[in-house]
1. Taking the Cβ of Ile71 as the centre, find all other residues whose Cβ is under 15 Å away and add up their charges (Lys, Arg: +1; Asp, Glu: -1).
2. Of all the C-alpha pairs in the chain, what % are more than 20 Å from each other?
3. Need the full-extension length gain, Asn33 to Arg15, defined as separation in residues times 0.36 nm minus the C-alpha distance. One decimal, nm.
4. How tilted is helix 35-56 with respect to the longest principal axis of the chain? Cα atoms for both, answer in degrees (0 to 90, nearest 10).
5. Within 10 Å, Cβ to Cβ, of Ile60, how many net charges do the neighbouring residues add up to if Lys/Arg are +1 and Asp/Glu are -1?
Amino acid sequence: MKYIYTATFTPNEDRTKYYCRVPDLPGCITTGNGLDDAIEMITDAASGWLVVAEDEGNEIPTATPQHDLDIPEDAICSIIRIDTLVD
């Protein structure tokens, strides 16, 4: 399956590390060294979250529109695309 979710990236004081989460996927959090790494890390974490949910038959949340998310003031938002199908 292919999914699109919003991820948030909250920087530390010097913007070298980011706390990342996908608000629609409970517990889907990680950190990254720099924004590029953070995007890669949260995409991987969301992929794992979704693969487990699919495998276990758990309900997969629909994506919430960004304007309805509770986003920290200093966070950066990005749309991430996750594909759980293996080629």
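1. Details: positive: Arg21; negative: Asp24, Asp68, Asp70, Glu73, Asp74.
That sum, taken over residues with Cβ under 15 Å, equals -4.
2. Values: 1164 of 3741 pairs.
Distances greater than 20 Å cover 31 percent of the Cα pairs.
3. Numbers: separation 18, 0.36 × 18 = 6.48 nm, distance 0.89 nm.
Length gained, Asn33 through Arg15: 5.6 nm.
4. Once rounded, one gets 20 degrees.
5. Values: positive: none; negative: Asp24, Glu54, Glu59.
Surrounding charge for Ile60 is -3.
Each value in this text was obtained by applying a stated rule to the coordinates, not by laboratory testing. All values reported here derive from a predicted model rather than from experimental measurement. So basically every Cβ, Gly included, is an ideal-geometry build from the backbone, and we count neighbours across all protein chains shown.
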